[in-house]
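Everything on this sheet refers to the single structure shown next.
What follows draws every value from the coordinates through simple rules; no lab data is involved. Quantities reported herein were computed from a predicted structural model and do not represent experimental measurements. Here Cβ is always computed from backbone atoms with ideal geometry, including for glycine, and neighbour counts include all displayed protein chains.
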Amino acid sequence: MHHLLPRFEYAFTITLTLGEVYWVRPSIQGSTRGAVYVTDGTVEGPEIRGTIIPQSGGDWPLLRPDGVLDFDARYLLRTDDGVVIYMQNRGYRWGPPEVMAALSRREPVDSSAYYMRTAPKFEAPEGRYAWLSQFVFVGVAQKTPTGNSIAYFKVL
């Protein structure tokens, strides 16, 4: 039986600035729910350039009892030529407790010390950016003192 191996092609990098984080500790389900809003950001790649529309959304992560942060982020991109694109980004961040604590304090931590990966979906209009709604992407992310930086790859 022939097994197909995925190939990955760099698509773009999104750099986000995030505002204050709010926590529901713990939520009624026993986990801790967070909310953090996107204040601004950029998207830069070979086929797309633009900005994140300020206050167009944010992330509502669930901090699970096992220490894993389960992301659910939604916000809008605006390309340099004025096209608005919706993005939903799901993923996980986890690592040793002391690393996770440092990240929560927004301290700089080497990205090799923790796992942070995402799987986004896009809603783009017909035309130049329709490809965003036709491919599966994976994101390799790092936490920065002001937000996140995520390099996205098309799965071919």
Per-pair calculated FRET efficiency, R0 = 35 Å: Ile53 and Tyr115 via Cβ, rounded to 0.05: 0.75
Ellipticity estimate at 222 nm from DSSP helix runs (n ≥ 4, -39,500 (n - 2.57)) divided over the chain, nearest 500: -1500 deg cm²/dmol
Alpha carbon convex hull of the chain, volume per residue in cubic angstrom: 142
Stretch in the chain that is longest and holds no trypsin sites (Lys or Arg not before Pro) that DSSP places in a loop and that have at most 14 other beta carbons within 10 Å: 8-104
Dipole moment magnitude, nearest 20 debye, the chain about Cα centre, only Lys, Arg, Asp, Glu C-beta charged: 300
Residue order, fewest to most surrounding Cβ atoms within 10 angstrom, among Phe153, Phe12: Phe153, Phe12
